[in-house]
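The values are calculated or read from the model by the stated rules, or taken from the named source; none is laboratory data. Because the structure is a prediction, the values reported are computed rather than measured. Glycine gets a Cβ as well: all are built from the backbone with ideal geometry, and neighbour counts include every protein chain shown. Just so you know, the surface numbers come from the protein's heavy atoms only, side chains and all, with ligands and any DNA or RNA stripped out. Shrake-Rupley method; radii C 1.70, N 1.55, O 1.52, S 1.80 Å.
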Amino acid sequence: MILAALHDTVLAEVGNPAPEAPPMADKLLQIGRYFTWLVQLSGITAITYGGGRFAWEKWNGGGLESPKMIASAMAGGAVATSAGTIMNSVIG
């Protein structure tokens, strides 16, 4: 009986805390958004550069190294996109 009364009293004193954002959370989210934008822009730039170089190599008859560049840029974009999705599911 004493344990039951103590248990009820302790539970009655502990409230349900409201969620609160940590300090500097808005700045960290803004930096994350800038980083996401930069990764997307660099991926688009890499694919565009690889496509232009592919056309240049085809036109001049040189060795074809640009398909590797395009494939690696696409793989890097897939990794970056997956990382963003995983982090959003973990955080949110």
Subject >> The one condition in (1) within 30 Å of ILE91 (Cα to Cα); (2) surrounded by 11 or more Cβ atoms within 10 Å (Cβ to Cβ) that PRO17 fails to fulfil >> reply: (2)
Subject >> Filter result for TYR34 (exposed (fewer than 11 other Cβ atoms within 10 Å of the Cβ) and modelled with pLDDT of 80 or more) >> reply: yes
**OP:** Just name the residue that is most open to solvent (accessible area, probe 1.4 Å) out of those in the stretch 52-67 that are modelled with pLDDT of 80 or more and within 28 Å of PHE35 (Cβ to Cβ).
**Re:** ARG53
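For every residue, the table says whether it meets (1) among the charged types (D, E, K, R); (2) at pLDDT 80 or above; (3) in contact with a helix residue (DSSP H, G or I) (Cβ under 8 Å, 6 or more places away or on another chain); (4) closer than 19 Å to ALA80 by Cα.
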{"position": "PRO17", "(1), (2), (3), (4)": "no, no, no, no"}
{"position": "ALA25", "(1), (2), (3), (4)": "no, yes, no, no"}
{"position": "LEU41", "(1), (2), (3), (4)": "no, yes, no, yes"}
{"position": "THR45", "(1), (2), (3), (4)": "no, yes, no, yes"}
